[in-house]
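Here is the structure we will look at, set down as structure tokens.
The values are calculated or read from the model by the stated rules, or taken from the named source; none is laboratory data. If you're wondering where the values come from, they're calculated on a predicted model, not measured in any experiment. Heads up, the Cβs are rebuilt from the backbone with ideal geometry, glycines too, and the neighbour counts pull from every protein chain shown.
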Amino acid sequence: MRIMKNLLLTLVLLMFFGSCKKNQTDFKGQGSIALKVRYAIDGEGLQMGQLKYVNEAGNVYSVTRLQYYISHIALFDREYGWTLIDTFYLFDADKYPIQRVVIGNVPLRYYDSIKFYIGLPPSLNHHDSLPNTIEHQEMIWPEMMGGGFHFLKLEGKFKETDTSSTISGYAMHLGTNVALVTVSLPAQIDLTEQLLVEVSLEMNVNEWFRNPHTYNLAEKSYIMGDTLRMQIIARNGQDVFTVVSVN
Amino acid sequence: MVRMSLLWLVLISLFLVSCKKDKLAYTYSPTPYNLEIPEGFPQMPMNPDNPITKEGVELGKKLYYDVRLSDGGPQAGNSCATCHIQSKSFADNSPGVSVLPHVNLGWGTKHWLWNGSKQGTLEDIMMFEVEEFFQVDVSRLKEDTSYKRMFYEAFGTEEITSKEVAYALAQFVRTLISGNSKYDKYKRGEINLTESEKRGMAIFFSERGDCFHCHVPPLFTDFDMHNIGLDSMPSDPEDWGLFAVTGDSADIGKFRTPTLRNVAVTGPYMHDGRFKTLDEVIDFYSEGVKNSPTLDPIMNHNGGIHLNLTPQEKEDLKAFLLTLTDESFLNDPKHRPQAN
């Protein structure tokens, strides 16, 4: 009788674990991930055009334009590794202070990190690769400067220090494949329990000027075509995003 | 006697046939208009509420050139075409007049008019032209029987309202597409540019001139508002730009980017026509830009706000700008009413 009981228990446990494994590995259908992006300066919500933010170098600055692409989104799960969702989105902080895009066709798995480019992968970084719309045309990086698209347009006004009287403009523009920014973030995204998960991200604009390189806008305020400085800003850009919540 | 009767019979028959024909002419079966979008141009945003048709375009063209549009209003005696002259790329060179050219406006989705006081679709801005600028008295249009027919054929109604007038104008303006200049032919690989034009193009499309950020090809405008440094602290409200509309000090001196298509014939330049020639405009960008808190950030390049172009660079840049002239557009008879 005890043997029978043990056998039955074993069978039940086997069935239970078998069913668990099946849930994790037999992915029927696909889900979606909504990326919701907002903007801040060291925790304070970004107000476009306000000359009041202070970066690591002590420059007082404003943001009048912030446009960029997010592309080549990849999700990591322990069993299957990286899953690439090969898509792209154009973000515009002035037009949409909070912008939400929905990434479809995502396999139903439990992911624990997400990575993406700020910019476009080389396969998309040429003029005829994106839909021919006014929005994308305005992001074009001229052929004679390397071609493709602006990955980032971050513009505004600045004073060198709080006591400076001169207000100048700055334009941090990134483009060409050397200035592609890779962002990698931990995020527990459980797409096994629900078909749509919302990942809220926050861009801290100050990070573009902070880590690992303290960038002083007074030294060079216009970097388009300056490969070295574009790479500095691109490297800083790896830390501009944090995950605020996953729901 | 028999001959007379026969003659009467023929005349009556002819009259009846002609009556029947008149009735047939009022049928409403609009023909979709095939817009020819030049190679490399973006998709033109369309208004689903105002599909473009041959009948609508013909009506819009007639209205565009009709001075009755302004009868009794503040612009009495003028039509759209009075200040938007085809040979001037639908702009005007009269002294003291500076109007934005009616070229490639079908792509406009942001700001309208020099100071950006209007927003919305092409239909929205045409509604402004009809109701506020011209203050069209539609009863004057109803007096014209051909209009009754044309409105019916275009919109299926003989009841003419401001909306139909504005929508017809919008349809016609959508057809004013310029994309066959020397530059376009060069882009299509049909012809080559001179060495000077190529050098000018390099200035235009690089950080040297940095023109492309606002004058985005192929439309050569971003339809956006910028302060390019015409004045440091404008005192004349005419020079306030968007600030006069929003009251936001961040908008002082911001004006809408004009297209550079056919720029050779659209002078005088800037919102107040202060520059009579392209040379003056280039001199301004080279040495005349004035700093201010609202100067567009993109005007700061390489540590300064002046391009400091050499005489040769100025000549080359002008040579490139002249390649944007589209003679086929400036002379296309289909944009004139007599070409029906």
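Residue-level check: of (1) surrounded by fewer than 20 Cβ atoms within 10 Å (Cβ to Cβ); (2) under 22 Å from B:L219 (Cβ atoms); (3) within 12 Å of chain B (Cβ to nearest Cβ); (4) of a type outside the set (V, I, T), A:E138 misses just (1). Remark: B:I298 matches the filter, which requires a residue to be over 20 Å from the mean Cα position of the chain (by Cα), modelled with pLDDT under 95 and assigned to a helix (DSSP H, G or I).
Against the condition more than 10 Å from every other protein chain (Cβ to nearest Cβ), within 22 Å of B:D296 (Cβ to Cβ) and modelled with pLDDT under 95, how does A:S129 come out, does it pass? When the stated conditions are applied, A:S129 does not pass them. The number of residues in region A:116-131 that are touching a residue at least 40 places away in the same chain (Cβ under 8 Å) and either over 14 Å from A:L35 (Cα atoms) or surrounded by fewer than 18 Cβ atoms within 10 Å (Cβ to Cβ) (or both) comes to 7.
If the condition is being hydroxyl-bearing (S, T, Y), surrounded by 17 or more Cβ atoms within 10 Å (Cβ to Cβ) and out of contact with any strand residue (DSSP E or B) (no Cβ under 7 Å at 6 or more places or on another chain), then region B:247-293 contributes B:T259, B:Y285, B:S286, B:S292.
Cβ separations smaller than 6 Å between residues 6+ apart or across chains give the following pairs from region B:286-299 residues that are at the interface with another protein chain (Cβ under 8 Å from one of its Cβ atoms) to residues that are acidic (D, E): B:P297/A:E155. Restricted to region A:217-228, and to residues there that are touching a residue at least 12 places away in the same chain (Cβ under 8 Å) and surrounded by 16 or more Cβ atoms within 10 Å (Cβ to Cβ), the residue that is farthest from the chain's Cα centre (by Cα) is A:A218.
Per-residue answers, yes or no, for (1) farther than 30 Å from B:K187 by Cβ; (2) surrounded by fewer than 23 Cβ atoms within 10 Å (Cβ to Cβ):
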residue	(1), (2)
A:L152	no, no
A:S168	yes, no
A:M172	no, no
A:P186	yes, yes
A:M203	yes, no
A:H213	yes, yes
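Taken together, the criteria place A:L228 among residues that are at pLDDT 95 or above and under 24 Å from A:H127 (Cα atoms).
For beta carbons closer than 9 Å, sequence separation of 6+ or different chains, a first residue in region A:188-213 that is in contact (Cβ under 8 Å) with a residue 24 or more places away in the chain and a second that is among the basic types (K, R) and not in a strand (DSSP E or B), the qualifying pairs are A:I189/A:R109; A:D190/A:R109; A:L191/A:R109; A:T192/A:R109; A:N204/A:R210; A:N211/A:R235; A:P212/A:R235. The set of residues in region A:41-72 that are under 23 Å from A:V101 (Cα atoms), part of a loop (DSSP other than H, G, I, E, B) and away from chain B (no Cβ under 12 Å) comprises A:G43, A:L46. Contact annotation: residue pairs with Cβ atoms under 6 Å, 6 or more positions apart or on different chains, pairing a residue in region B:42-57 that is within 13 Å of chain A (Cβ to nearest Cβ) with a partner that is outside any loop (DSSP other than H, G, I, E, B), are B:P42/A:I134; B:P42/A:Q137; B:M44/B:G106; B:M44/B:W107. Got a number for residues in region B:102-120 being in contact (Cβ under 8 Å) with a residue 24 or more places away in the chain and over 14 Å from B:F172 (Cα atoms)? The number of residues fulfilling the criteria is 10.
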